[in-house]
Structure formats: structure tokens, C-alpha cells
Amino acid sequence: MAFEIRPLTSSGFGAELIGLDPTLALDEPTFQAVQQAWFDHSILVFRGLDMTPEQHIAFTRRLGPLHIMVPLQYNLDGYPEIFVVGNAEEGGKAVGMRRAGMGFHSDGEDKAIPNAGSFLYGVIVPPEGGDTIFADMYAAWNALPEATRAKLSGRRARFSRVELHHVHYPHLPALTEQQKLDRPDVWHPIARKHPRSGRTALYIGRWAVEIEGMPAEEGKPLIETLCAHAQKPEFLYRHRWQPGDGVLWDNRCTQHCATPFDEERYTRRMHRTTLEGEVPLLASAAAVPQGVSV
Ligand code: SIN
């Protein structure tokens with residue numbers, strides 16, 4: 001099936017795919033072309049989708065094994081592969097996780113094996129607010145001053161859910177001792193090599209608390225500087241949701257951030273499938289920005 005790839009930004013970060021079957025039941029050559037577009041643009045936007053949970057799961061599964069989110073309580077009844085986000089209720093009971101994903105992050109960055117990608121489907125979206133903002137972490141890495149890249153190359157950051165859970169999820173109960181044991185701190189390379197594109201991305205996020213080999217008084221402000229750098233307008237794409245939109249993002253080279261909406265007036269119900277990932281690869285110390293000659 002022929003389809004059009006329309007870039008969403010002048011840098012080529014993000015692309016809308018036009019002309020695909022709304023159920024995403026794709027023949028193999030079309031699927032391969034979609035997957036390649038994902039590696040090329042990091043974020044894919046699909047409009048006017050009309051997918052059952054089975055079709056949502058079936059399409060995502062072609063990209064890799066699926067991850068089941070825990071705690072299980074936010075997963076769609078009968079479809080544990082679908083994590084429900086938003087304030088929708090059924091029979092007076094919340095069906096999804098409210099206020100998930102506020103603050104720039106990539107999914108699973110605080111786990112030993114972070115998630116490779118995620119596919120969010122807008123089932124019910126508010127007429128205003130509730131946008132999702134995406135950041136291009138290849139561009140963020142490439143735009144860092146050379147001295148900063150040299151300082152970070154070969155180093156890892158420590159990500160800690162235990163230290164920051166109360167900061168990012170003040171509206172949720174504190175972690176239990178068992179949950180703390182289940183989510184130990186992890187170290188990930190800050191210059192991360194994408195296993196499919198071979199490109200280097202800045203890998204930092206809201207759970208990062210320490211940089212390897214740096215005292216706290218140097219590492220913490222550097223993490224703040226890197227996070228602020230990654231959120232510069234030139235690296236961002238803001239998705240304004242319409243019902244039937246789907247956005248597939250690559251957690252290995254992007255960050256994203258949910259934004260608020262009026263929860264008293266509007267309902268937002270999003271269904272997310274999440275891909276298992278791999279241990280993040282350290283980019284070689286010689287990683288230089290694409291397009292820069294040495
Ligand atoms: C997420 O972080 O997966 C949720 C993003 C959103 O709801 O906009």
C-alpha cells in the first residue's frame with residue numbers, strides 16, 4: 001500500500017503517515033516501510049485510526065515483544081498489553097492512571113531494561129489541553145558544546161525511582177518497601193547509541209540523580225542543565241490530539257511530556273502499548289554530531 005511520509009518539523013523530527021489502513025493491518029512491505037520511517041523520524045503520527053484493542057496490540061507486536069505495565073490495575077480489562085492513561089471512568093470507577101507522564105522522560109528510563117518504544121492511541125481527547133510534547137534527543141546531543149560531549153562520553157547517569165517518586169508522583173501513595181526493592185536504582189550511558197539507526201542520543205531524564213565519577217555539587221547541576229537543554233524549543237514537537245490519533249515514539253532517542261487539561265470538564269482516555277527494550281548501548285567516545293566533519 002502506497003502512503004505518504006510528511007515530516008512534522010523542518011529538522012525531520014517526527015512525521016505524519018498519510019494513506020494507511022485505519023486498523024493498521026499492513027502487508028509486510030508496507031509494515032517494513034513504516035518501521036523504517038520510525039527509525040528515520042523517531043516519532044510517527046497516524047490520524048483517523050479506528051483500531052480495536054486487538055488491532056492496536058497486533059500492530060505494535062510486529063515492532064517487537066510487548067511489555068506489560070505494572071501495577072496491573074491501569075491495564076485494560078482483558079488486554080493487559082494496553083495501559084490506560086487519563087481520567088476516564090466506567091461505573092464510577094477510574095479505568096486509567098491519571099496525570100501519567102507529566103515531566104519530560106522516556107518510558108522505563110528508571111529500569112535496567114528501558115522500553116524501546118510506545119504507541120499511544122487517543123480514544124477520547126479533550127477539545128483543549130492534554131497535548132503531548134516530544135523532544136528530539138539526537139538533536140539535543142548534537143547541539144551540546146563539544147566540551148560537554150567530551151565530559152559526558154563514556155559516563156553513565158544513575159536513575160532513581162526510590163529517590164524521586166514523591167517528587168514526580170506527589171498525588172500517588174509512597175512506594176512500599178517491596179516496590180522499592182522491585183525498582184532498584186540503575187545506571188545508563190548518557191551518550192546512548194541507537195541499536196537500529198546507529199546514531200547517538202542524549203539519554204537523560206527526570207529520574208536521573210547522579211553522574212558517574214562526578215561529585216554531587218557538579219553532577220546535579222549538570223543533570224539540570226542537560227534536562228533544560230533537551231527542552232529547548234528547537235528540539236520539540238507538540239502533538240495536539242484529535243480523536244483517532246496514534247503516536248508511535250522511540251524511547252531510545254526521544255523524551256516526551258504530558259500536559260494538563262481541565263479534568264473537571266473534560267475526559268481524556270488514551271490507550272498505550274509499550275515495547276520491551278534492550279540494555280542501553282554506550283556510544284563510542286568518538287561520537288560526533290551527524291553532519292559535522294572531523
Ligand atoms: C505517557 O507518558 O505515556 C503519557 C503521555 C500522555 O498521556 O500524553
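The values are calculated or read from the model by the stated rules, or taken from the named source; none is laboratory data. None of the values given here were measured: they were computed from a predicted structure. Neighbour counts are summed over all protein chains in view; Cβ atoms, including those assigned to glycine, are modelled from backbone coordinates with ideal geometry. For accessibility, only protein heavy atoms count, side chains too; no ligands or nucleic acids. Shrake-Rupley method; radii C 1.70, N 1.55, O 1.52, S 1.80 Å.
Give me the percent relative contact order of the range 131-256, please, defined on Cα pairs under 8 angstrom at least 6 residues apart.
Relative contact order, the range 131-256: 43 percent.
Lys and Arg at +1, Asp and Glu at -1: add these up for the other residues within a Cβ distance under 11 Å of Leu275 and post the number.
Around Leu275, the charge tally is -1.
Ranked from highest to lowest mean number of other Cβ atoms within 10 Å per residue, what is the order of the peptides 102-108, 172-178, 131-137, 241-247?
131-137, 102-108, 241-247, 172-178
Per residue, how large is the accessible surface of the range 4-278? Use a 1.4 angstrom probe and give square angstrom.
43 Å²
Where Rh is the Kirkwood radius over the Cα pairs of the range 4-278, the temperature 10 °C and the viscosity 1.306 mPa s, what D in µm²/s does Stokes-Einstein return?
82 µm²/s
Run the numbers on the range 184-234 and let me know its relative contact order in percent, using alpha-carbon pairs under 8 Å that are six or more apart.
24 percent
Could you name the lysines in cross-link range of Lys193, using Cα to Cα under 19 Å and dropping any fewer than eight places away on the same chain?
Cross-link targets: Lys111, Lys151.
Relative contact order of the chain, please, whole-number percent, based on alpha carbon pairs below 8 angstrom and at least 6 residues apart.
About 31 percent, as a whole number.
Quote the Stokes-Einstein diffusion coefficient, in whole µm² s⁻¹, for the range 2-132, based on the Kirkwood radius over alpha carbon pairs, a temperature of 4 °C and a viscosity of 1.567 mPa s.
79 µm²/s
Taking K and R as +1 and D and E as -1, what net charge do the other residues with C-beta under 11 Å from the C-beta of Gly86 add up to?
Its environment carries a net charge of +3.
For the chain, which whole percent of the accessible surface, found with a 1.4 angstrom probe, sits on carbon and sulfur atoms?
Result for the chain: 55 percent of the exposed heavy-atom area is carbon or sulfur.
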